Protein chains: 2
Amino acid sequence: MCPHHNGDSLPNDPSQMVGIDMSNGARTNGTAPAAKANGVNGHSNGTTAAAKSNDLQRRNPYAPRASDFLSNVSNFKIIESTLREGEQFANAFFDTKTKIAIAKALDAFGVDYIELTSPAASEQSRKDCEAICKLGLKAKILTHIRCHMDDARIAVETGVDGVDVVIGTSSFLREFSHGKDMTYITKTAIEVIEFVKSKGIEVRFSSEDSFRSDLVDLLSIYQTVDKIGVNRVGIADTVGCANPRQVYDLVRTLRGVVGCDIEIHLHNDTGMAIANAYTALEAGATHIDTSVLGIGERVGITPLGGLIACLYAANPEYVKSKYNLTQLREVENLVAEAVEVNVPFMNPITGYCAFTHKAGIHAKAILNNPSTYEILKPEDFGLTRYVSIGHRLTGWNAVKSRAEQLGLKLTDEEIKDATAKIKELADVRTQSMDDVDSLLRVYHSGIQSGELAVGQKEALDRLLRKHREEQMSRDSSVSRPASPSPIAA
Amino acid sequence: MCPHHNGDSLPNDPSQMVGIDMSNGARTNGTAPAAKANGVNGHSNGTTAAAKSNDLQRRNPYAPRASDFLSNVSNFKIIESTLREGEQFANAFFDTKTKIAIAKALDAFGVDYIELTSPAASEQSRKDCEAICKLGLKAKILTHIRCHMDDARIAVETGVDGVDVVIGTSSFLREFSHGKDMTYITKTAIEVIEFVKSKGIEVRFSSEDSFRSDLVDLLSIYQTVDKIGVNRVGIADTVGCANPRQVYDLVRTLRGVVGCDIEIHLHNDTGMAIANAYTALEAGATHIDTSVLGIGERVGITPLGGLIACLYAANPEYVKSKYNLTQLREVENLVAEAVEVNVPFMNPITGYCAFTHKAGIHAKAILNNPSTYEILKPEDFGLTRYVSIGHRLTGWNAVKSRAEQLGLKLTDEEIKDATAKIKELADVRTQSMDDVDSLLRVYHSGIQSGELAVGQKEALDRLLRKHREEQMSRDSSVSRPASPSPIAA
C-alpha cells in the first residue's frame with residue numbers, strides 16, 4: 001500500500017501525469033480581459049493586458065509589509081540542528097561517516113550554522129564534533145550544551161566556532177527537571193558565558209520551555225546576559241505548542257529588551273513550527289533553528305524545507321541568492337535514508353505531489369499561467385510540475401493541452417466531446433496517460449476519416465472497441481516496447 | 001529503508017522502547033523546590049509543593065486569552081472536505097464503497113460537516129452524493145459547486161443540507177481562469193444564492209484565491225451576499241501562501257463587515273495551514289475546512305489531525321467533549337490506505353514518534369511529570385508514550401525507571417555507573433531493550449554477589465562477557481522464547 005519515494009522515483013503512476021515545461025513563463029493568450037492588478041497589499045500600475053501579465057508575475061502580494069520595520073523575513077540566518085536536535089529523533093543513530101555526509105550536504109545547501117550534539121554526551125560525540133570542526137566548511141560549527149561548567153570546558157576544546165548554552169527556566173522544568181532557582185540559573189549562566197567568551201568563542205544563552213516561563217524572570221535573565229556580552233539569546237518552545245501570535249508577542253517584547261541577536265527553537269507538536277518561525281522573524285528574531293524534515297524529539301522542530309518554502313514565498317530573490325535550492329531534495333533524501341523514514345507525501349516543495357495539479361479548473365489556469373495556483377516555482381528547486389488528466393475531475397483545457405502535445409488538431413468542441421468520454425471512462429476506472437492518448441488518437445483519426453462527428457457517442461464507442469481489438473491482436477503477436485515516459489525528474 | 005506504519009505497528013524497533021503508563025498523573029517526589037507557578041499568561045495561586053504540582057497540571061498557558069474577544073478557538077465547526085478537496089489529491093480515486101466508509105468514519109469522529117465533490121463533476125459523483133445524503137449521518141452534508149446555475153440546479157436535487165459555492169475573485173484567476181469581471185461575478189452569485197435558499201438549503205459563498213483579490217472588491221461582494229442572507233462566506237488561500245498575520249488581518253476585517261458565519265479554506269504549500277487556521281479562529285472565523293492527513297491539490301490543506309492538536313492544546317476539555325479523539329487514528333489509517341500513502345512520521349498526534357522521548361534530560365522530566373515535555377496527553381487519543389533509553393543520549397533517570405520496572409534495587413550511584421556503560425556500548429551499536437535489561441540484571445547480580453562495585457569497569461566487562469558466553473551456549477542448545485513486548489499500541 002505504500003509508494004516509496006526515493007527522490008528519483010515519481011508520482012505513483014507516472015503514466016497518469018504529464019510534465020509541463022513552462023520555464024519561459026506564462027502562456028498569455030491575449031484574449032483575457034485586462035484585470036485590475038491590485039492584490040490586498042498591491043498597487044496597480046500596468047496598462048495593457050501584456051503589461052498586466054508581467055506585472056502579475058513580478059508583484060508578490062506575500063512580500064514583507066513596509067510597515068513591518070522589525071521584520072527580518074529578508075534578513076535571517078539558519079541554525080541547522082539535524083546533527084543535534086535531529087539526533088534526538090527516535091530513529092536517529094548517526095555514525096561518524098553519516099554525520100560528516102550530512103554536515104557536507106548542509107554546507108553545500110548553504111546553511112549559516114551547523115549545530116552538533118554536546119561533546120559531553122559521549123566519547124564518540126566528542127570525537128565527531130572535533131572531526132566536523134576540521135572539515136573546513138563554510139558554515140559556522142556550533143555545539144549545544146547544558147548550562148554547566150563541566151560541559152563548557154569540554155566544548156571549548158573541540159574547535160567549534162560557537163557554543164549554544166541552554167537551561168530550563170519554566171516552573172515545570174525547574175520543579176520537575178533540574179530543581180534550580182533563578183538566582184542559581186543566573187549565576188551559572190554568567191559563569192559559563194564569561195568562560196566561553198574568554199576563549200574567543202561565540203556564545204548563545206537560551207532558556208528552555210520559554211513560553212511557560214515567568215515573563216519577568218525570562219526578560220530579567222536575558223537582559224543580564226545581554227549586558228555581559230552574550231552573542232545571542234534563544235527562545236525555545238520546547239513542548240511545541242506556542243501559537244503564532246504568542247510567538248510574535250514574546251519575540252517583539254524581547255526585541256525591546258536586548259540588543260544582541262535573537263534565536264528561536266520551535267517544536268512542532270501541533271504542526272505550527274513553520275508558521276511560528278516565520279512570525280518570529282516578523283517580530284525581529286534573527287536566527288531560526290531547523291532540522292532536515294524537522295526530525296527531533298517527538299515530532300521534531302521547524303523543518304528546513306518548510307521554512308525555505310515560506311521564506312521563498314515572501315522573497316524568492318533573497319532566498320535564491322542565499323541558498324542552493326536545488327540541493328534541498330538531495331539533503332532531504334540523505335537524512336530520510338539515514339533515519340529510515342519516507343519524505344512525507346505532503347512535504348512542502350519535495351512532497352511527491354507538491355507540484356501536481358488535478359482538478360479541471362486548476363489545470364486550465366495552470367496551463368494559462370502557473371502563478372494562478374503556484375507560489376513556488378518548481379524549476380527553482382530543480383523540480384517539475386505535472387497536470388494529472390485521466391480522472392473524473394479532469395477538464396477540457398488539460399485535455400486540449402495534451403492533444404496539442406501529441407500534435408492532434410481538434411476543435412474546442414471536439415476536445416470537449418472527447419473529455420466527456422474520458423470522464424465517463426474514469427468514473428469506472430482511472431485512465432492512464434496511455435489510455436487518454438489512445439482515446440485522443442482514435443478520436444482524431446475518426447474525425448479525419450469522417451467516421452466520427454461531435455456527439456456521436458455510439459460511433460466513438462465502436463471506434464474505441466475496434467482499436468482495442470487491433471491492439472490485443474498486436475499484443476499477442478509481438479511484445480510491446482516500453483512507452484517513453486513524458487516525465488522529467 | 002522505509003518502515004511502514006500501519007497504525008498497529010510500532011516504532012521501528014520496539015525492543016528499544018519502554019512504554020510508560022502515567023495515566024494517574026505525575027509522580028511528584030516531594031523533594032522538588034516549590035516553584036513559582038506563573039506562566040507567561042498564568043497566575044500563581046498554589047502554596048505547598050503538592051498544590052503547586054496540581055496547579056501546574058491544571059493551568060494551561062496556551063489557553064485563549066481573555067482579551068481575545070473575537071476568538072472562536074473554543075467555539076468552531078469543522079467542515080471536513082476529504083471527499084471533495086481530498087478527491088483532488090493526485091492519488092485519490094474513491095469508489096462509492098470507500099466514500100461511504102470515509103463518510104461514516106468522519107461522522108463517528110464527530111465532524112460537524114462533510115463536504116462532497118460537485119454532483120456536476122461526473123455521473124458517478126452525483127450518484128455518490130445522493131447515496132451519502134441517504135446514510136442518515138449526524139454530520140450535515142454539503143456539496144461544493146462552481147458559481148453557476150447549471151451546477152446549482154443539479155446540487156439542490158441531491159438531498160444535501162447545504163451548497164458551498166465558489167468563484168475566483170483574484171486578478172490572477174479572473175484573467176487566467178474564468179475571465180469574468182466583478183459585476184458578472186456579483187450578479188451570478190446573487191442568482192445562485194437566492195436559488196439555493198429558495199429550496200430551503202443552507203448556502204455558502206466563497207471567493208477563491210482571496211489573499212490575492214482586491215480587498216475592496218472582496219469586501220464589497222461579501223457585504224452584498226451577506227445582505228441577501230447567505231449563511232456563510234468563505235475565504236480561501238487557494239495557493240497556500242498566506243501567513244498567520246495576513247490571515248488574522250483579513251478575517252478580522254471581514255468580521256467587521258458581515259454578520260454571517262465565516263469559513264476559511266487554507267492550502268498548505270508552505271506548511272502554515274494549521275497555524276493559519278488557528279489564527280483565523282482567533283480573528284473570528286467560525287468554520288475551518290480540513291481533510292484527513294491534509295490530502296488535496298498539491299500538498300493539500302489544513303489536516304484534521306493537526307487542527308485537532310492545536311485546538312486541543314488550547315482547550316482540551318472543549319475538544320474532548322466535541323470529538324471522539326480515539327477515532328482519529330482509525331480515520332487517518334482508513335484514508336491513508338485508500339490513497340496509498342503512509343501516515344507521515346512527523347504527523348501531529350499519530351506520527352509514530354509523537355510521544356517518544358529520547359534525550360536523557362527529557363526522559364528524566366517526563367518520568368517526573370509528563371506535562372514537562374508534553375502538551376497533548378497520549379491517553380486522550382488512545383495512544384501511549386515511550387521513553388527510548390538504549391542510546392548515547394540516554395540519561396540515568398530513564399535507566400533508573402527501567403531498573404525499577406525490572407524490580408532491581410540499585411542505588412543512584414550504581415545506576416549512574418551502569419548508565420555510563422550503556423552510553424559506551426551505544427556509541428558503538430544501538431542497544432535494544434533486551435541488551436539494556438541484560439546489562440542491568442548482570443550489574444545487579446554482580447552487586448548482590450559482591451563481585452562488582454561502583455567504578456569497577458574491568459569487573460563489569462568480565463561479568464558481561466561471562467553472561468554473553470552463557471547465553472550463547474544456551475542459545476545453541478535451546479531455541480529462545482520470544483521476549484514479551486513491553487509496548488502497548
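Based on this model, can you work out whether B:VAL166 counts as within 19 Å of B:HIS267 (Cβ to Cβ) and surrounded by fewer than 24 Cβ atoms within 10 Å (Cβ to Cβ)? Yes; evaluated as a whole, the condition is true for this residue. Here A:THR356 clears all of (1) in contact with a strand residue (DSSP E or B) (Cβ under 7 Å, 6 or more places away or on another chain); (2) within 15 Å of B:CYS241 (Cβ to Cβ) except the condition numbered (2). One residue alone among A:ALA313, A:ALA277 is facing another protein chain (nearest Cβ under 7 Å) and outside any loop (DSSP other than H, G, I, E, B), and that residue is A:ALA313. Quick one: which of A:ASP107, A:ASP128 is within 29 Å of A:PHE76 (Cα to Cα), among the acidic types (Asp, Glu) and within 24 Å of the chain's Cα centre (by Cα)? Step by step, each of A:ASP107, A:ASP128 is checked, and only A:ASP107 is within 29 Å of A:PHE76 (Cα to Cα), among the acidic types (Asp, Glu) and within 24 Å of the chain's Cα centre (by Cα).
The set of residues from segment A:332-350 being among the aliphatic types (A, V, I, L, M), in contact (Cβ under 8 Å) with a residue 40 or more places away in the chain and out of contact with any Asp or Glu (no Cβ under 8 Å at 6 or more places or on another chain) comprises A:LEU334, A:VAL335, A:ALA336, A:ALA338, A:VAL339, A:VAL341, A:ILE349.
When A:VAL196, A:VAL239 are checked against the criterion of being assigned by TED's automatic domain parsing to the domain that holds A:SER81, touching a residue at least 12 places away in the same chain (Cβ under 8 Å), among the β-branched types (Val, Ile, Thr) and farther than 26 Å from B:THR372 by Cα, a single residue qualifies: A:VAL196.
Could you please let me know if A:ARG474 is loosely packed, with under 13 Cβ neighbours inside 10 Å, in a helix (DSSP H, G or I) and modelled with pLDDT under 90? The answer is yes for A:ARG474. Looking only at segment B:88-115, which residues are buried (at least 22 other Cβ atoms within 10 Å of the Cβ), β-branched (Val, Ile, Thr) and touching a residue at least 60 places away in the same chain (Cβ under 8 Å)? Within segment B:88-115, B:ILE102, B:VAL111 meet the criteria. Can you say whether A:LEU334 is more than 9 Å from chain B (Cβ to nearest Cβ), at pLDDT 85 or above and more than 15 Å from the chain's Cα centre (by Cα), as far as the supplied structure shows? Judged against the criteria, A:LEU334 is a match. For the structure I just gave you, tell me whether B:ILE145 is of a type outside the set (Ser, Thr, Tyr), crowded, with 23+ Cβ neighbours inside 10 Å and either within 14 Å of chain A (Cβ to nearest Cβ) or touching a His at 6+ places or on another chain (Cβ under 7 Å) (or both). So B:ILE145 fits the description; yes. Looking at (1) surrounded by 24 or more Cβ atoms within 10 Å (Cβ to Cβ); (2) on the phi < 0 side of the Ramachandran plot; (3) part of a helix (DSSP H, G or I), find the lone condition where B:LEU293 falls short. Only one criterion in (1) surrounded by 24 or more Cβ atoms within 10 Å (Cβ to Cβ); (2) on the phi < 0 side of the Ramachandran plot; (3) part of a helix (DSSP H, G or I) is unmet by B:LEU293, namely (2). For B:ASN231, the conditions (1) crowded, with 24+ Cβ neighbours inside 10 Å; (2) away from every other protein chain (no Cβ under 13 Å) are fulfilled apart from (1). Taken over segment A:419-444, residues that are part of a helix (DSSP H, G or I), without any contact (Cβ under 8 Å) to a residue 12 or more places away in the chain and farther than 14 Å from A:ALA398 by Cα amount to 2.
The set of residues in segment A:349-391 being among the acidic types (Asp, Glu) and facing chain B (nearest Cβ under 7 Å) consists of A:GLU374 alone.
Is it fair to say A:GLU85 is buried (at least 22 other Cβ atoms within 10 Å of the Cβ) and among the acidic types (Asp, Glu)?
yes
State yes or no: is A:ARG298 out of contact with any helix residue (DSSP H, G or I) (no Cβ under 6 Å at 6 or more places or on another chain) and facing chain B (nearest Cβ under 7 Å)? Against the criterion (out of contact with any helix residue (DSSP H, G or I) (no Cβ under 6 Å at 6 or more places or on another chain) and facing chain B (nearest Cβ under 7 Å)), A:ARG298 qualifies. Under the condition of being at the interface with chain A (Cβ under 7 Å from one of its Cβ atoms) and over 18 Å from the mean Cα position of the chain (by Cα), the residues counted in segment B:338-348 number 1. In the condition set (1) surrounded by fewer than 21 Cβ atoms within 10 Å (Cβ to Cβ); (2) part of a helix (DSSP H, G or I), B:LYS409 is compliant with all but (2).
The values are calculated or read from the model by the stated rules, or taken from the named source; none is laboratory data. Predicted, not measured: the structure shown is a model, and the values here were computed from it. In this analysis, Cβ positions are derived from the backbone assuming ideal geometry, glycine residues included, and neighbour counts consider all displayed protein chains.
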